[in-house]
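All of the numbers you see were taken from the coordinates with simple rules; none came from a lab. Bear in mind that the values here come from a model prediction, so they are computed numbers and not experimental data. Virtual Cβ from ideal backbone geometry, glycine too; neighbours counted across all protein chains shown.
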Amino acid sequence: MQRRNRVKQKQSLEERLVEQAKRLRAEALSLAPGAAQDATLRRAEQAELGLHMSQWLSSSKFKPDA
């Protein structure tokens, strides 16, 4: 059986998504208007959506009552 390579992340998922979204938006600004810029902006929006979903899922609404 193969073992999975595990990577210990130094940053939280939320921090990585914020950085990715910022980087992609900056990259999109440097591109000429067109398909490449639209695709890059779409990827930034997906990173932001992932951030919001992660925050929503970790909110107290989903914590078991103790």
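Enter the angle in degrees (range 0 to 90, nearest 10) between the Cα long axis of helix 13-30 and the first principal axis of the Cα atoms of the chain, meaning the one along which they spread out most. Tilt relative to the chain: about 0 degrees.
Summing Lys, Arg as +1 and Asp, Glu as -1, what charge do residues with Cβ under 14 Å from the Cβ of Glu45 carry, Glu45 excluded?
On the way: positive: Lys22, Arg23, Arg25, Arg42, Arg43; negative: Glu27, Asp38, Glu48.
Taking every Cβ under 14 Å from that of Glu45, the sum is +2.
Each of Arg25 and Lys61 was given a label point 7 Å from its Cα along the Cα-to-Cβ line. The distance between the two points is 2.3 nm. Spatial offset of the range 36-66 relative to the range 1-28 amounts to 13 Å, using the alpha carbon center of each. The simple Förster model, with R0 at 22 Å and r as the Cβ-Cβ distance, assigns Arg16 and Ala39 a FRET efficiency of 0.65. Amide hydrogen proximity for Leu31: with H placed 1.01 Å from N in the peptide plane, no residue at 5 or more positions away or on another chain lies under 5 Å.
All alpha carbon pair distances within the chain were sorted into 5 Å bins beginning at 0; the resulting P(r) in whole percents reads 3, 16, 17, 15, 14, 13, 11, 7, 3, 1, 0. The residues neighbouring Gln20, those whose beta-carbon lies less than 14 Å from its own, together hold a net charge of 0 under the Lys/Arg +1, Asp/Glu -1 convention. FRET efficiency for the Gln9 to Ala32 pair, using the beta carbon distance and R₀ = 35 Å, is estimated at 0.55.
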